[in-house]
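Encoded as structure tokens, the structure appears first; notes follow it.
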Amino acid sequence: MTNWDKARLADYLFDEIGGIRDDFVAEAERPYERKARALSLRRMVVVGVSLTLTLTAVLGVWIGNRMTGRDEAGDEIGNAMVTQQSGSTAPVGISLRLQELREATEDCVTPKEKVELFSGTAQIVWKYADEDTYRVRRLSAAETDRLLPLLNRQENATPVSGEASDGNTVEGIWITLGDGRVISPCLEASKGNVGYGELFDYEPEIEPTDELTELICDVLS
Amino acid sequence: MEDYQIVDLYWSRSEDAIGETSRKYGRMLHGISYSLLSSREDAEECVNDTYLEAWGRMPEDRPAYLGAYLSKIVRCLSISRFRAEHRQKRGGMGRVTEELTDCIPDGWDPHKDYENGLLADALNRFLAGLSEEKRRIFVRRYFYSDEVAAIAERMQISPSKVKTTLHRLRNELREFLEKEGVTI
């Protein structure tokens, strides 16, 4: 099919979009309200339930230990449980691993305008939420060859929930292939997870597989 | 004034119908036409033609969503005008349709699908299967021809997220059309 044909067919498709259902057209015209309220309510319920369970567990352990006279040991268990619960908003997965590598990768700091996406060399680019700059690590051909197959084979990656990503200190991580293509390992592998010519924003969909996370961290460390 | 009241004015052949329509929807209709034509004068004429068209179609039609009904008319008139006057140029509308080439399945015979009513039906089913946010982004870009920055502002998200979402949606639409058997 020639490009001219495609252009003509696209015109035709554009015309047909003019015939979509009126309620879709009307919906898109109305002001959009993000569902932040529903989310906060859900989050409040989750936090409330977690706190209740934690308090119940701590109280149960404390009472149990008081009854058996093992106050000291009980306090230790109780403290450990509180610590574990309060860590629920801490970074997880690849975010945690990149956080651990923050100091070790300070030589990778690069201003946004210096991040080169058409250099012909593949790179790992990532950004911490509290920094304005990006971090860039160029990849050798061998590293690229190891990384790409894993990037395209993420069927077993864990889906990320909104709550799980809240504590993440990493705003984004991308693999840039040097020809303008940009892929995030935190998006489900599809034709649509490849951007072009820019480090696109995204909401994490998956936590990369352990194998891919290990490889990325191995390369960066 | 509520939509049904304005429609009643059309039905009773009251000239206030056009004034009320202009007051409520004039700006929106102008925006749709302008984003396709990139000319204020042409957009203004298309909007006026839209009022006349609506006047001619009602009372036969009784639209439940007057805004959507008028949007379709102004979009159609603006596209026709663009094609008649700028056949060789690729302005605002040209950019939008250029993006849509991503959605064209190989070997697609649109006329066959049109005759069978497949395409319109498939588009509606595709849109019905999307989340509200994605559907709004798609419709704002490919029905209303909004710029990416305008969609980002409206949806309270970043422009790059809009671009990523549109890129994904175009791929999804192509896959959907292939799966639905609109290819030959």
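Miscellaneous remarks
- Unit charges on C-beta of K, R, D, E only; dipole of chain B, Debye: 600
- By the count of neighbouring beta-carbon atoms within 10 Å, fewest first, A:215, B:37 end up ordered A:215, B:37.
- Estimated FRET transfer efficiency (residue A:138, residue A:59; beta-carbon r; R0 60 Å; 0.05): 0.65
- Under 14 Å, Cβ to Cβ, from residue B:73 - net charge with Lys/Arg +1 and Asp/Glu -1: -3
- From most to least packed by mean Cβ count within 10 Å, the peptides A:109-115, A:7-13 give A:7-13, A:109-115.
- Listed by chain and number, the aspartates and glutamates whose alpha-carbon sits under 18 Å from that of residue B:179, ignoring those within fewer than 8 places in the same chain, are B:102, B:106, B:109, B:113, B:121.
- Under 5 Å from the amide H of residue A:110 lie the amide H atoms of A:134, A:135, A:136, each residue being 5 or more positions distant or on a separate chain, with H modelled from the backbone and absent for Pro and chain starts.
- Cross-link pairs exceeding 22 Å between alpha carbons, from the set A:112/B:134; A:127/B:163; A:114/B:134: A:112/B:134; A:114/B:134.
- Percent of Cα-Cα distances greater than 17 Å, calculated over segment B:3-85: 39
- Calculated Rg and Dmax of chain B using C-alpha coordinates, Å: 17.8, 51
Read-outs: derived from the displayed coordinates by stated rules, not from any lab. The model shown is predicted, which means the values in this text are computed figures rather than measured ones. Please note: Cβ atoms are built from the backbone with ideal geometry, for glycine as well, and neighbour counts cover all protein chains shown.
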